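Values quoted throughout were computed directly from the atomic coordinates according to the rules given, and no laboratory measurement underlies them. Here the structure is a predicted model, which means the values were calculated and not measured. Here the Cβ positions follow ideal geometry from the backbone for every residue, glycine too, while neighbour counts run over all protein chains shown.
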Amino acid sequence: MAGHNPWPDEGNTGHIWDEDIRELDNPPPLWWMLAQYMGFIMIIVYAIYYPTIPTPTGHTQGVAGWTAYREYKEDFETLNAYRAREFAEQEKMLEELSPAEILKNQDLAVYAEKTSKALFGDYCAACHGTGGAGNPDFPVLADDDWLFGGNAQTIYKTLVQGRKGNMPAYAHLGDEKIGQIADYLIAMSEGREGDASVSAGKSLFMGSGCAGCHGATGKPMAAMRDFMGAANLSDGIRRFSAGDYKESMIRTIKYGVNQANENTRYAVMPAFAGRLSDKDLKRLSVYVHRLGGGE
Amino acid sequence: MSDNASNNSSKTLEEIGIEILPVNTGQGKVHAKRIGGFFRNFKWWAASFWIILFVGPYMRWNGEQAILWDIPNRQFNIFGLTILPQDIWMLSLILLFFALLLAVSTAIAGRVWCGYFCFQTVWTDVFTWIEEKIEGQPHKRQKLDEQPMNMEKLQKRVLKHSAWLFISFMTAFSFIAYFVDVFELWGQLFTLTASGYVWAELLVIGILTYLAAGIMREQICLWVCPYARIQGAMVDQETIMPTYDKDRGEPRGRLKRSKKDTEDEATKQGDCIDCNLCVAVCPTGIDIRQGQQYGCITCGLCIDACDSVMDKLKKPRGLVRYASIADFAGVELPPIYKRPRVIVYSTIMAAAFAGILYGFIAMAPMTMNVLHERNPLFVQLSTGEVQNKYTIKVVNKTDKVMNVELSVEGIEGIRMTGVDGLIEVQPGNVHGLSAFVKAPKRNLSGESTPIKIKAYNVDNPEQKVIYDSMFIGPRY
């Protein structure tokens, strides 16, 4: 920086570099200053119009009465009004038709499926997993193995009234026999039910009353399935899937399902009749049906 | 301040080597004289290229508008071909191609785009042509500008601005007509049912055209357009541009009529007679004799002007001519194809062109996307099969309805369920659906098995897609 100022009259600040580069003290252009003042005015207008200034108990409300939440609610109502208008026909059909009829109408079924994804996420996925993938000890909804039946009407009934399976406890048989039955059932699910090694289990299965509900071949009769949700034991799909297969099976046989003892399997599907509208339950029935295993 | 500076004997910009060429900064209006000549004619031919803009929307193809950017339907129709957003990568190649075309033409011959083809130049040219027809020659226009408003001036002004506004409107309208069917658009305008966007675009594009071509004119080229400022990096010593032959022209001076002048004096005199015609015809108001400069849009009109004068003087043409700095330095120019810039630019252009060509040839009439459902990855069925779910999207890029049959192969006993018969895909549309694929567990080779999902149009079996996907099964 040069010590003396060769341009004393031009109003420079005295900061001079490289002989002739100097800092001037020119005022900003008028348009720039006007924009600046406009900015200040807008700040004041904004502060009066919108909630802006914090106070010990909250903040100023602003004359517009605007809040983000109110705007969100208004927008949400707008969206709902749009949907109600745009899809009035479909919604009316959902109300009037039965789940089976909805399923037959391809477009309506797709509509029902698309509009119930959020419902499934809110009310079903906690136990049954997103996409109906199931969870340990909670049934898979995407397969074709149904405890109470898998047509749209039955699924709807399940949702409306809930389900509570029932299997008596067989602790009185003793651990050895229960183990033999379990071995037999595992062999059955793998297609080896005729093996000599499991013949003891087979006769126990037949003689202890298991076949009464689950059927002689492990496939339950329709009435037993619809009435108490007797599981299909022959297809290798496990109702209670957590942990070791045989251990799990022994526990189920020993303590039963939904019985009055401490170790019993607690397996209850809650009723949704009061919690969701009938229309939404139909929607969900279609959604579950279309997850992959509907009958 | 400059006075102050010179008083204090500080350096001026000229002294530190910065060339200041006088450029019209908008204080005075440029009223360029129009004279005929080779470049004048060439300009008209080049400008007529833009007639396409106005007639383009009326071209039909199979009863539809031939070129239509159908934004609501997310597609671009060009002569029966539908380009969907999936193929938009070609657009980047097309843009690359034209950007380099600009670069290579600039490297060879300077701002040919600016001088002959740019819409700013062309529209300004047409606007000033109208101005001259209505208001007369430049000196008359200058007088008209200066005189106070009267009936005659008002008449001329109203007529001129109406003509300008009409062209501006047609420009804006034709532009919008590439996005909305042109006949539909006329109908909407006449019945006042066009959407707010259409009116807003008409207004904005129309006003901008009017301002840019009618009012701003050369100011756009000098101060607004970035191309003027980057051309310094795009031209080199070998680029030919309209250039004044200093050696031949200087010292310039008025033509000496007296024959008493000695031979010596006559030879001292350069060929330039300082008639200023080259300045008078310049649409950007520069003096070409001051050398190559960014205000020059290389339109060649000064060449026409100077040639006409040289013809009258019976002197050879070309005092101002297309020439490069290397020419004047006496350097022999390498042929165009041997210049590095040309080679590099052309190589990239060829690559882009090949890409575009490939894109158009390989653009399948049908495409399919298959997404494997991840939750659950698979389910086991009571039949002993494993089931996978796929979201399948079939895209129809033709203008006819497609009846598509889906099938799957790759595992013994594999089958697809959940799809009822044929899928009807509307033209230029996507059809999405969920399908279940089942395969016997015993036939699976491992955790994941490659499968092929096939789609083909039953009406035209040549239109088919094979999609490689995976079938997921249990680990054991």
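The table below lists the values:
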read-out	value
Computed magnitude of the charge dipole of region B:366-472 (debye, nearest 20; Cβ of K, R +1, Cβ of D, E -1)	240
Isolated Cys residues of chain B, judged by Cβ distance under 4.7 Å to other cysteines	B:CYS114, B:CYS118, B:CYS221, B:CYS225, B:CYS272, B:CYS275, B:CYS282, B:CYS296, B:CYS299, B:CYS306
Per-residue average of Cβ from other chains inside 10 Å of B:378-387	6
12 Å beta-carbon shell around A:THR252, net charge (K/R +1, D/E -1)	+4
Rounded FRET efficiency, nearest 0.05, which uses the C-beta distance separating B:ILE343 from B:SER92 and R0 of 22 Å	0.45
Choice from A:GLY256, A:GLY150, A:GLY58 with maximal GNM fluctuation in chain A (Cα, 10 Å cutoff)	A:GLY58
Alpha-carbon radius of gyration plus Dmax, which is the widest Cα pair, for region A:159-295 in Å	16.7, 54
Burial ranking of peptide ranges B:63-70, B:355-362 (average Cβ count within 10 Å, highest at the top)	B:63-70, B:355-362
Charge dipole of the protein assembly as shown about the Cα centre (unit charges at C-beta), most positive-ward option of B:ALA362, A:LEU24, B:PRO461	B:PRO461
Whole-number percent relative contact order across region A:164-269, with pairs defined as alpha carbons under 8 Å at least 6 apart	39
Approximate shape of region A:192-258 as ellipsoid semi-axes (Cα gyration tensor, √5λ), whole Å, largest first	18, 17, 12
Proximal lysines relative to B:LYS268, as straight alpha-carbon distance under 19 Å, when same-chain residues fewer than 8 apart are discounted	B:LYS246, B:LYS256, B:LYS259, B:LYS260, B:LYS314, B:LYS315
Separation of the B:ASN150 and B:TRP129 label points, Cα + 7 Å toward Cβ, nm	3.2
Peptide A:134-145, shielding by other chains (average Cβ, 10 Å cutoff)	3
Counted charge near B:GLU405, where neighbours are those whose Cβ lies closer than 15 Å (Asp, Glu -1; Lys, Arg +1)	-1
Placed amide H near B:MET470: partners under 5 Å, 5+ positions off or other chain	B:ILE451
Packing rank of A:42-53, B:122-133, A:212-223, where each peptide gets the mean count of other beta carbons within 10 Å, highest leading	B:122-133, A:212-223, A:42-53
Whole-Å semi-axes of region B:366-472's equivalent ellipsoid (Cα gyration tensor)	27, 13, 11
Proximal lysines relative to B:LYS160, as straight alpha-carbon distance under 30 Å, when same-chain residues fewer than 8 apart are discounted	B:LYS29, B:LYS33, B:LYS43, B:LYS133, B:LYS140, B:LYS143
Unit charges at the beta carbon, dipole of chain B: most positive-side option, B:PHE127, B:CYS302, B:LEU202	B:CYS302
C-alpha long axis of helix B:119-135 to longest principal axis of chain B, angle in °	50
Under Karplus coefficients 6.51, -1.76 and 1.60, residue-wise ³J(HN,Hα) of region B:376-383 in Hz, glycine/proline x	x, 5, 7, 10, 8, 9, 5, 7
Listed residues A:ILE48, A:HIS4, A:GLY14: farthest to the positive end of the dipole of region A:1-54 (Cβ charges)	A:ILE48
Residues in region B:434-452 reached by a label modelled at B:LEU371 [backbone nitrogen below 19 Å; 7 Å Cα→Cβ]	B:434-437
Estimated FRET transfer efficiency (A:LYS246, B:PHE360; beta-carbon r; R0 41 Å; 0.05)	0.05
Three-way shape call for region B:56-106 based on the alpha-carbon gyration tensor, with the a/c threshold at 1.5	oblate
Folded to 0 to 90 degrees: helix B:340-362 orientation relative to chain B principal axis, Cα	30
Convex hull volume of the protein assembly as shown per residue (C-alpha atoms, cubic angstrom)	344
The protein assembly as shown - charge dipole about Cα centre, Lys and Arg +1 at Cβ, Asp and Glu -1, debye rounded to 20	1220
Helix-only [θ]222 nm of the protein assembly as shown, DSSP H runs n ≥ 4, -39500 (n - 2.57) each, per residue, nearest 500	-12500 deg cm²/dmol
Label-reachable residues, region B:144-185, where backbone N falls under 13 Å from a point 7 Å from B:TYR58's Cα toward its Cβ	B:174, B:182-183
Relative contact order for region B:366-472, counting Cα pairs under 8 Å that sit 6 or more residues apart, in percent	31
Distant-in-sequence amide H partners of B:SER324 (H built 1.01 Å from N, under 5 Å)	B:MET241
Cα gyration tensor category, rounded, prolate or oblate, for region B:21-363 with a/c compared to 1.5	oblate
Helix axis angle, A:30-49 relative to chain A longest principal axis, alpha carbon, degrees	50
Net charge, B:TRP61 excluded, C-beta distance under 15 Å - Lys, Arg +1, Asp, Glu -1	-2
Rough spin-label spacing in nm, given labels placed 7 Å along Cα→Cβ, for B:HIS431 and B:LYS140	6.9
16 Å Cα cut-off, lysine pairs counted over region A:164-269 (separation 8 or more, or different chains)	6
In order through region B:452-464: 3J(HN,Hα) via Karplus (6.51 cos²θ - 1.76 cosθ + 1.60), integer Hz, x for Gly, Pro	10, 9, 10, 10, 8, 7, 5, 7, 8, x, 6, 8, 8
Relative contact order %, chain B, counting alpha carbon pairs below 8 Å whose residues are six or more apart	15
Segment A:PHE227-A:TYR69, extension gain: residue separation times 0.36 nm, minus the distance between their alpha carbons	52.0 nm
Residue-averaged beta-carbon neighbours from other chains (10 angstrom radius) around A:106-112	1
Inter-site label distance for B:SER382 and A:SER98 at 7 Å from Cα along Cβ, in nm	2.1
